[in-house]
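Trainee: Sharing a structure, written as structure tokens. Questions coming.
The values are calculated or read from the model by the stated rules, or taken from the named source; none is laboratory data. Because the structure is predicted, anything quoted here is derived from the model rather than measured. Cβ coordinates were reconstructed from backbone atoms using ideal geometry, including for glycine residues, and neighbour counts include every protein chain displayed. In case anyone asks, the SASA skips ligands and DNA or RNA and just uses the protein heavy atoms, side chains included. Shrake-Rupley method; radii C 1.70, N 1.55, O 1.52, S 1.80 Å.
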Amino acid sequence: CARRCCGRQASEERPRPRRRTTLVPRGPSLKATLAEPLGFKAFENFLASEFAIENLKYWAAASKYESKFAQYSTKKRVQKAKRIARLFIGSAAVLEVNVPEDMSAEIERKLA
């Protein structure tokens with residue numbers, strides 16, 4: 001159409017805004033948020049409202065285990081690993097996390 005609108009011909013395109021091609025953090029990272037007690041609690045409350053709390057609880061248990069690993073005796077390491085597996089790994093777990101079946105079976109076999 002040759003009709004003019006706002007001083008432009010209809011066939012002219014408006015310039016499009018450039019899209020961002022990289023992600024720019026807009027706040028603290030998840031890791032930094034979880035390191036703070038209030039941030040951890042806020043995220044925990046959110047996940048509880050979404051019925052997804054087991055993933056955060058697993059992450060917290062595994063992180064604590066990893067950070068204290070060197071301090072534990074071999075017997076204590078096995079006890080702690082079994083407790084984590086009992087709570088989070090396998091179909092009988094109280095707070096089962098999504099782990100591939102073959103991996104779950106291997107963990108249970110190694111801790112038996």
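Trainee: Could you size up the charge dipole of the range 21-111 around its Cα centre, putting +1 on the beta carbon of Lys and Arg and -1 on that of Asp and Glu, and report it in debye to the nearest 20?
Mentor: Here the range 21-111 has a charge dipole of around 640 debye.
Trainee: Within a Cβ distance under 12 Å of GLU66, other residues only, what is the Lys/Arg minus Asp/Glu net charge?
Mentor: Around GLU66, the surrounding residues sum to +4.
Trainee: Next question, about the same structure. How much of the accessible area of the range 24-75, probe 1.4 Å, is carbon plus sulfur, in whole percent?
Mentor: Of all accessible area on the range 24-75, carbon and sulfur atoms account for 62 percent.
Trainee: Can I ask one more? Would you mind checking the radius of gyration and Dmax of the range 27-91 based on alpha-carbon positions, in Å?
Mentor: Cα-based Rg and Dmax for the range 27-91 come out at 13.7, 41 Å.
Trainee: Quick one: grab the alpha carbon gyration tensor of the range 69-112, order the square roots of its eigenvalues as a ≥ b ≥ c, and give me rounded if a/c is under 1.5, else prolate or oblate depending on whether a/b is larger than b/c.
Mentor: Prolate, since a/c reaches 1.5 and a/b exceeds b/c.
Trainee: Looking at ILE107, SER73, LEU95, which one has the Cα that reaches farthest to the positive end of the dipole of the range 66-109 (charges on Cβ: Lys, Arg +1; Asp, Glu -1)?
Mentor: In the range 66-109, that residue is SER73.
Trainee: First select every other residue whose beta carbon is under 10 angstrom from the beta carbon of GLY90; then total the charges, Lys and Arg +1, Asp and Glu -1.
Mentor: With Lys, Arg at +1 and Asp, Glu at -1, the net is -2.
Trainee: While we're on this one: Heavy-atom accessible area per residue, the range 55-102, 1.4 Å probe: how many Å²?
Mentor: In whole numbers, the range 55-102 has 73 Å² accessible per residue.
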